[in-house]
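K.L.:
Just passing along the structure, written as structure tokens.
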Amino acid sequence: MKQKLIVAVLICIGITVFSSCKDSNVISIGVNAELTGSIPVAGKSCVNAAKMAAAEINDQGGIAVDGKTMRVEILAEDNEDKAESAAAVAQKFVSKGVVAMIGPNASRNAVPAAIVAESNKLIMISPWSTIPKLTEKKKYIYRSCFTDDFQGVVVSSFIYKKLKARRAAVLFDITSEYNKGIAEVFKAEFIKAGGAVTAFESYSTGDKDFSAQLSKIKASRADVLFLPNYYNEVPLQIQQARQQGLKGMIVGSDSWGSEEILTLGKDIMNGLYFTTHYAPDMATEKAKKFIADYEAKYGAKPDDVAALTYDAFGMLFESVKKAKSRNPENVLAELSKLSNFPGVTGTMKFSSGSGSPVKSAVVIQIRDNAFKYYDTVNP
Amino acid sequence: MIVQQALNALQLGSIYALIALGYSMVYGVLRLINFAHGDIFMIGSYAALFLAVYLNMPIALILPLAFCAVGLLGVTIERLAYRPLRTAPRASAVITALGVGLFLETITLAVVGPEPKKFPALIDLNIITIGAFTATNIQIIIIAVSIALMTALDRLIAKTKTGMAMRALSWDKTYAPLFGINVDKIISFTFAIGAGLAAVAGIFVGLAYPIIDPYMGIIVGWKAFVSAVIGGIGNVKGAVVGGFLLGAVEILSAAFLPSTYKDMIVFGLLLIILLFRPSGLFGVPVQKKV
């Protein structure tokens, strides 16, 4: 009995030691993605694009670092779309000693994960988190998307100049960092432009009934309703708005940019606009190749998160190649020197000391149950 | 706008009331807070989705079928998870209920995946506009069917033998069997009705808010539980009043105050009511005999 116990304990120790033993000849990169929770389609796209980016590099033989050519290994973990799990996943990557972490995607997860990453000197690149404060006063935190300060200006000027609306209402999720941030930027910008924000209504993540807020918005006689909310909730809000008799235009932000919104919303989405990172039908040569490869591999069009994740990997690989090293400090030195990176979502310009790129935004119109390019807005 | 908001409140209140009934009835006969109830409601939604999408059934068939299927699920849960613990300390049973809820959630997650699903439009939408007031046929159906079901339940409890047995059991569990009441049968029946009503609420949520996901039962379940407590848990009329009260407070606070305060006001109300009436609006304080 005692012997069996000793053997069992030894086996356990053996497994632990073996599994925690780092393969010395790979470049491991952590992916912190929302695989379950309220936006699982975004998390899936992120991991898909990550695997594709790694496979492309590995097919070319890998990257030359530390005098050897090494393959890239992706460690994908689910952050359950929860702030505390996102931070825990970041902590796990710190202890595993990855070269860098890509993700989380939603700002509500990216902000807490960034705190862990920054204090542990872990490079983090968020593909989709647009909240301005994510990279502020941080050395190790980067992103491959534009920020809400810019997006707020784009939405506001689109509604004011293109739609010629002067009375706008907003309904947003107050418990989610992204939604609240962009709603506030939009409100300030729209008033600055000369418009009126007639109603500024909020709800909490997971609410299904917006009838009270929408009745109020209708009574405020707004011409346009701005819904800076995630794709899983927007169709519900639009449907209820129409049922309450709101007939005006509805505009969204980049959180609409998942094809899932078309599956959930169908006809009610037709004719509506949203601002986002890139338009598959207006793509550059580089983007076209990415879209074709992604479709061939996964049988679906890459959404914003997929394209931005691919760009995040592009930025990272470029820096690792230049640094010729797996050491995070050397990679960071190259990443911070990246001034002009051509990605599939456009050219990213980084001004010195900032982890947030300056890049253009596009306006998409939903027509015939598909995303159609409408306009490009440059910073 | 007041009339409009009142209609919004009635729709939300009907749904809370239907779910709150299940919490209250089970508590009445078993003194158990069935925390899996919110997830049973979620299963109701998915059952209806399955019947509608894969078997192409009309709403008139889906309602009774989902009611029975989920009712059966309620009975099974009671039989497998709660009955063995009937004499165990209450805390064990409550923890088991939480476990069952998580089990239902994760099994749904595993079977259908985490992506939110579009609930099919089972009823063609008609928007009725009178001046600035708009109502939909779906709202009217939800409110009417809910009230009909609640009235039927009230008649069942007040007039039938089974109803009398349920009342006797909630009055005194020890002596009820002495009068020829089959305790197991009555408890199973209570679970079936409670789960069935939750399934109907699940279908109504699908009709009114047609995107469903495996986590949908958590928040709605909590709010329905609060409704049952406000009304006096264990009391059927209290659950209905609590449900409509909660729906009204939620809608009206979002309508006339900044909508941010909604949940704060709802749970503040719970605290105030419990401060003045610790056993809820319709609850009777229990005197423990030593």
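The values are calculated or read from the model by the stated rules, or taken from the named source; none is laboratory data. Keep in mind that what you see is a predicted model, and the values were worked out from it rather than measured. So basically every Cβ, Gly included, is an ideal-geometry build from the backbone, and we count neighbours across all protein chains shown. Keep in mind that these areas ignore ligands, DNA and RNA; they rest on the heavy atoms of the full protein, side chains included. Shrake-Rupley method; radii C 1.70, N 1.55, O 1.52, S 1.80 Å.
K.L.:
Return the only residue of B:247, B:234 being more than 14 Å from chain A (Cβ to nearest Cβ) and in contact (Cβ under 8 Å) with a residue 24 or more places away in the chain.
P.N.:
Working: B:247 fails: more than 14 Å from chain A (Cβ to nearest Cβ).
Of B:247, B:234, the one residue that is more than 14 Å from chain A (Cβ to nearest Cβ) and in contact (Cβ under 8 Å) with a residue 24 or more places away in the chain is B:234.
K.L.:
May I pose another question? Suppose the filter is in a loop (DSSP other than H, G, I, E, B) and crowded, with 23+ Cβ neighbours inside 10 Å; does residue A:31 pass it?
P.N.:
Working: in a loop (DSSP other than H, G, I, E, B): no; crowded, with 23+ Cβ neighbours inside 10 Å: yes.
Spelling it out, it is not the case that residue A:31 is in a loop (DSSP other than H, G, I, E, B) and crowded, with 23+ Cβ neighbours inside 10 Å.
K.L.:
Among the candidates B:193, B:181, which residue alone is outside any helix (DSSP H, G or I) and either within 20 Å of residue B:47 (Cβ to Cβ) or open to solvent by 10 Å² or more (accessible area, probe 1.4 Å) (or both)? Before you say what the answer is, go through the steps one by one.
P.N.:
Details: B:193 fails: outside any helix (DSSP H, G or I).
Exactly one of B:193, B:181 is outside any helix (DSSP H, G or I) and either within 20 Å of residue B:47 (Cβ to Cβ) or open to solvent by 10 Å² or more (accessible area, probe 1.4 Å) (or both), namely B:181.
K.L.:
Can you say whether residue B:99 is out of contact with any Leu (no Cβ under 7 Å at 6 or more places or on another chain) and open to solvent by less than 30 Å² (accessible area, probe 1.4 Å), as far as the supplied structure shows? Before you say what the answer is, go through the steps one by one.
P.N.:
Details: out of contact with any Leu (no Cβ under 7 Å at 6 or more places or on another chain): yes; open to solvent by less than 30 Å² (accessible area, probe 1.4 Å): no.
Against the criterion (out of contact with any Leu (no Cβ under 7 Å at 6 or more places or on another chain) and open to solvent by less than 30 Å² (accessible area, probe 1.4 Å)), residue B:99 does not qualify.
K.L.:
Same structure, new question: Within region B:14-65, how many residues turn out to be farther than 24 Å from residue B:109 by Cβ, open to solvent by 40 Å² or more (accessible area, probe 1.4 Å) and part of a loop (DSSP other than H, G, I, E, B)?
P.N.:
Result for region B:14-65: 4.
K.L.:
Exactly one of (1) open to solvent by 30 Å² or more (accessible area, probe 1.4 Å); (2) farther than 17 Å from residue B:223 by Cα is unmet by residue B:255. Its number?
P.N.:
(1)
K.L.:
While we're on this one: From (1) at pLDDT 95 or above; (2) within 14 Å of chain B (Cβ to nearest Cβ); (3) not in a helix (DSSP H, G or I), pick out the condition that doesn't hold for residue A:47.
P.N.:
Of everything listed in (1) at pLDDT 95 or above; (2) within 14 Å of chain B (Cβ to nearest Cβ); (3) not in a helix (DSSP H, G or I), residue A:47 misses just condition (3).
Conditions (1) closer than 30 Å to residue A:263 by Cα; (2) free of Cβ contacts under 8 Å to residues at least 40 places away in the same chain, marked per residue:
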position	(1), (2)
B:123	yes, no
B:127	yes, yes
B:139	yes, no
B:143	yes, no
B:150	no, no
B:162	no, yes
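Yes/no per residue for (1) touching a residue at least 40 places away in the same chain (Cβ under 8 Å); (2) more than 15 Å from residue B:67 (Cβ to Cβ):
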| site | (1), (2) |
| --- | --- |
| B:157 | yes, yes |
| B:181 | no, yes |
| B:197 | yes, no |
| B:224 | yes, yes |
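K.L.:
Still on this structure, please answer the following. If a residue has to be in contact (Cβ under 8 Å) with a residue 60 or more places away in the chain and over 23 Å from residue A:164 (Cα atoms) to count, how many in region A:238-260 make the cut?
P.N.:
Residues in region A:238-260 being in contact (Cβ under 8 Å) with a residue 60 or more places away in the chain and over 23 Å from residue A:164 (Cα atoms): 5 in total.
K.L.:
Looking only at region A:141-150, which residues are open to solvent by 10 Å² or more (accessible area, probe 1.4 Å) and touching a residue at least 60 places away in the same chain (Cβ under 8 Å)? Even if it seems obvious, please write down each step before you answer.
P.N.:
Going residue by residue through region A:141-150, those that are open to solvent by 10 Å² or more (accessible area, probe 1.4 Å) are A:142, A:147, A:149-150.
Selection gives A:142, A:147, A:150.
K.L.:
Further question: Just give me the residues in region B:66-83 being open to solvent by 70 Å² or more (accessible area, probe 1.4 Å) and not basic (Lys, Arg), in sequence order. Steps first, answer last, please.
P.N.:
The initial filter retains those residues of region B:66-83 that are open to solvent by 70 Å² or more (accessible area, probe 1.4 Å), namely B:68, B:72, B:79-80.
Selection gives B:68, B:72, B:80.
K.L.:
What's the number of the only condition in (1) open to solvent by less than 40 Å² (accessible area, probe 1.4 Å); (2) free of Cβ contacts under 8 Å to residues at least 12 places away in the same chain; (3) not in a helix (DSSP H, G or I) that residue A:69 fails to meet?
P.N.:
All conditions pass for residue A:69, except number (1).
K.L.:
A follow-up question, please. What is the number of the single condition among (1) within 14 Å of chain A (Cβ to nearest Cβ); (2) open to solvent by 60 Å² or more (accessible area, probe 1.4 Å); (3) closer than 30 Å to residue A:264 by Cα that residue B:5 does not meet?
P.N.:
(2) is the only condition that residue B:5 fails.
K.L.:
Quick one: is residue A:245 within 14 Å of chain B (Cβ to nearest Cβ), open to solvent by 10 Å² or more (accessible area, probe 1.4 Å), farther than 12 Å from residue A:344 by Cβ and not in a helix (DSSP H, G or I)?
P.N.:
In short, yes.
K.L.:
Checking the structure you have, find out if any residue of region B:202-216 is within 14 Å of chain A (Cβ to nearest Cβ) and open to solvent by 20 Å² or more (accessible area, probe 1.4 Å).
P.N.:
yes
K.L.:
For residue A:156, state whether it is farther than 17 Å from residue B:262 by Cα, of a type outside the set (D, E, K, R) and part of a helix (DSSP H, G or I). Don't jump to the end; show me each part of the working.
P.N.:
Details: farther than 17 Å from residue B:262 by Cα: yes; of a type outside the set (D, E, K, R): yes; part of a helix (DSSP H, G or I): yes.
Judged against the criteria, residue A:156 is a match.
K.L.:
Turning to a different aspect of this structure: Count, please, the residues in region B:134-178 that happen to be at pLDDT below 90, open to solvent by 60 Å² or more (accessible area, probe 1.4 Å) and either in contact with a Leu (Cβ under 8 Å, 6 or more places away or on another chain) or among the aliphatic types (A, V, I, L, M) (or both).
P.N.:
Here the count works out to 1.
K.L.:
Hey, any hits in region B:122-133 for a residue that's touching a Ser or Thr at 6+ places or on another chain (Cβ under 8 Å), assigned to a helix (DSSP H, G or I) and either more than 9 Å from every other protein chain (Cβ to nearest Cβ) or surrounded by fewer than 18 Cβ atoms within 10 Å (Cβ to Cβ) (or both)?
P.N.:
The initial filter retains those residues of region B:122-133 that are touching a Ser or Thr at 6+ places or on another chain (Cβ under 8 Å), namely B:125-128.
So of that shortlist, the ones also assigned to a helix (DSSP H, G or I) come out as none.
Within region B:122-133, none of the residues are touching a Ser or Thr at 6+ places or on another chain (Cβ under 8 Å), assigned to a helix (DSSP H, G or I) and either more than 9 Å from every other protein chain (Cβ to nearest Cβ) or surrounded by fewer than 18 Cβ atoms within 10 Å (Cβ to Cβ) (or both).
K.L.:
Is it true that residue A:205 is free of Cβ contacts under 8 Å to residues at least 12 places away in the same chain and of a type in the set (Val, Ile, Thr)? Quick ask: steps written out before the conclusion?
P.N.:
On the way: free of Cβ contacts under 8 Å to residues at least 12 places away in the same chain: no; of a type in the set (Val, Ile, Thr): yes.
Spelling it out, it is not the case that residue A:205 is free of Cβ contacts under 8 Å to residues at least 12 places away in the same chain and of a type in the set (Val, Ile, Thr).
K.L.:
So, in region A:181-218, of the ones that are at the interface with chain B (Cβ under 10 Å from one of its Cβ atoms), of a type in the set (Lys, Arg) and not in a loop (DSSP other than H, G, I, E, B), which residue ends up least open to solvent (accessible area, probe 1.4 Å)?
P.N.:
If we take residues in region A:181-218 being at the interface with chain B (Cβ under 10 Å from one of its Cβ atoms), of a type in the set (Lys, Arg) and not in a loop (DSSP other than H, G, I, E, B), then A:216 is least open to solvent (accessible area, probe 1.4 Å).
K.L.:
Hey, among the residues in region A:219-241 that are of a type outside the set (S, T, N, Q) and at the interface with chain B (Cβ under 8 Å from one of its Cβ atoms), which one's surrounded by the fewest Cβ atoms within 10 Å (Cβ to Cβ)?
P.N.:
Within region A:219-241, the first condition is being of a type outside the set (S, T, N, Q), and the residues that meet it are A:219, A:221-228, A:230-231, A:233-236, A:238, A:241.
From the residues that got through so far, the ones that are at the interface with chain B (Cβ under 8 Å from one of its Cβ atoms) too are A:219, A:233, A:235-236.
Working: A:219: 16, A:233: 28, A:235: 23, A:236: 22.
Selected residue: A:219.
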